[in-house]
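Single-structure report; data block below.
What follows is calculated from the coordinates using simple rules that are stated; it is not laboratory data. As the structure is a prediction and not an experimental result, all values here were calculated from the model. Glycine also receives a Cβ, built like all others from the backbone with ideal geometry; neighbour counts cover every protein chain displayed.
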Amino acid sequence: MKEIKDHYFFKAKKEGYPARSVYKLIEAQNRFKFLKKGQHILDLGAAPGSWTKFAAKVVGEKGKVIAIDLHKLKVGGENILFLKKDIYEIDFENDLREYLPFDVILSDMAPKTTGRKDRDHYLSIELANMALELATKFLTKDGAFYCKAFDGEDFPELRKKAQSLFKTVKIFKPKSSRAESVEKFLFCKTKK
Ligand SMILES: C[S@@+](CC[C@H](N)C(=O)[O-])C[C@H]1O[C@@H](n2cnc3c(N)ncnc32)[C@H](O)[C@@H]1O
């Protein structure tokens, strides 16, 4: 991941988060207020762990954050369970049975970018679709899904799919997401 040393980078360092991306979750939380004490949260594409750390703080000791990534987390805690795996290799129904259903599914997953805009877009949409599929299977009825995807020709299709599955679907671009970045976030709530 390219490191941008801006205001958010230094703020994250000061506040003890391993990545500036934490503010993309904090801003969503300030807007939608969907993370709550005691919840079970699935955090897809969690490394280095700033979303995980923030979510773990909010859910507290009675909650749980299941964090999954190909790479190691730089954070830890009693209410964090980390699986160093590809999400495509996880048997959610069996491996995570005791934590199901999730109250919230987060996905900040991003492909290893190639610089080829179209390719990066398709890979990102593929990951977002997989996260959406997991959300439809493993979220509570009133659960929330917050997911990153790179904008491009397939983004409207992803949004449409989300609208067919959830009662509320919002497109969110946090201030901490650079204007020149193609990333956008889908916030979805309550399954149809
Ligand atoms: C932008 S980073 C996430 C930052 C994180 N939310 C934080 O705040 O620290 C995107 C992550 O998605 C992960 N990722 C991409 N594809 C994945 C896959 N198939 N399975 C698991 N993790 C994946 C990458 O390894 C990378 O660490």
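Shape of the stretch 1-93 from the C-alpha gyration tensor: oblate (a/c of 1.5 or more and a/b not above b/c, with a ≥ b ≥ c the square roots of its eigenvalues). Sorting Leu123, Leu139 by the number of Cβ atoms found within 10 Å of their own Cβ, with the fewest placed first, yields Leu123, Leu139.
In a simple Cβ point-charge model (Lys, Arg +1; Asp, Glu -1; nothing else charged), the chain has a dipole of about 840 debye relative to its Cα centre.
Near Ala67, the amide H atoms lying under 5 Å from its own belong to Asp43, Leu81, Phe82, Leu83; only residues 5 or more places off or on other chains count, and H is placed 1.01 Å from N. Over the stretch 7-191, what is the relative contact order in percent, taking alpha-carbon pairs closer than 8 angstrom and at least six residues apart? Across the stretch 7-191, relative contact order equals 18 percent. Each label point was placed 7 Å from the Cα along the Cα-to-Cβ direction; for Val182 and Ile90 their separation is 2.6 nm.
Classify the stretch 7-191: rounded, prolate or oblate, from the alpha-carbon gyration tensor (a ≥ b ≥ c, eigenvalue square roots; a/c under 1.5 rounded; otherwise prolate if a/b is larger than b/c)? In terms of gyration-tensor shape, rounded. Loop-located GluC sites (Glu not before Pro) in the stretch 111-192 (DSSP state other than H, G, I, E, B) with a sparse environment of at most 11 neighbouring Cβ atoms within 10 Å: Glu153, Glu180.
Exposure proxy for His121, His7: other Cβ atoms within 10 Å of each Cβ, ordered fewest to most, give His7, His121.
Put in order of Cβ neighbour count within 10 Å, fewest first, the listed residues Val169, Val22 become Val169, Val22.
Amide H to amide H, with H built 1.01 Å from N, Gly77 comes under 5 Å of no residue 5 or more places away or on another chain. Listed values for the stretch 94-99 are Karplus-derived 3J(HN,Hα) couplings in whole Hz (6.51 cos²θ - 1.76 cosθ + 1.60, θ = phi - 60°), namely 9, 5, 10, 3, 5, 9, and x replaces Gly and Pro.
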